[in-house]
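Please treat every number below as a calculation from the coordinates, not as lab data. Worth saying up front: this structure is predicted, and the values here are computed from it rather than measured. Cβ coordinates were reconstructed from backbone atoms using ideal geometry, including for glycine residues, and neighbour counts include every protein chain displayed.
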Amino acid sequence: MDSTVPVPAEHPEQSDGAAAPFSINRRKFVGATAVVGGLVAAAPALAGCGTERGPEDLTTVTLTINGAHRVIEVDNRTSLLDLLRERAGLPGTKKGCNQGACGACTIHVDGRRVNSCLTLAVMHDGAEIATIEGLADGDRLHPLQQAFIDHDGFQCGYCTPGQIMSGMGCIAEGHTGSPAEIREWMSGNICRCGAYTNIVSAIAQTAART
Ligand code: FES
Ligand code: FES
């Protein structure tokens, strides 16, 4: 089948039956249109890719992480979670949803439990950070870590660092009066494995012994 795009009949130079001044292969025409369209659509993204990062985009933050003094230069857009995992060498804090919905990234900032995926590192210059890596004393686990083992408070373990950091906050805040109260104050921490009953038992036991 001829795939040449016909020049419109009303084209003045074709009205006498002479050969059209130009013709274009349909396949080339469609291909060229697609390429141009794609470039237009991608222009904003391509412009962003080419943007150089300048010194104004970087900030040096000083943090105390699990008792250690750390000075780290970060891109201003870096979340506290990414700083811990990718810059501070502490991958124990997990990234689940990365949008504040699962609690896997829970840490303590100046003694308060925080979803570290939802906050920028540069907002915490001078802060005291506690992560799951800082709980054990050598080989001796924190009582809540031990309680999670004793009560089978996990299966895959992915949510566990966040559950334990949040559980510590729950205990410190005094929200352990009943299983229902623990569930309420731990409701921001999701466990896909469904270990909730055992997590509540581990927190209740630890609170009772604290
Ligand atoms: S990773 Fe932060 S709340 Fe899910
Ligand atoms: S133990 Fe698997 S997600 Fe909680």
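Data overview
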| read-out | value |
| --- | --- |
| Within the stretch 73-114: Cβ-based charge dipole about Cα centre, in debye rounded to nearest 20 (Lys, Arg +1; Asp, Glu -1) | 200 |
| Kirkwood-Stokes translational diffusion coefficient of the stretch 96-203, alpha-carbon pairs, 20 °C, 1.002 mPa s, µm²/s | 152 |
| Mean shadow area of the stretch 54-134, taken as a quarter of the surface of its Cα convex hull (nm²) | 4.8 |
| Long-range amide H partners of Ser79 with built H, under 5 Å | Ala121 |
| Environment charge at Tyr196 (Cβ cut-off 15 Å; Lys +1, Arg +1, Asp -1, Glu -1) | -1 |
| DSSP-defined antiparallel bridges as percent of all bridges, the stretch 54-134, nearest 5 | 90 |
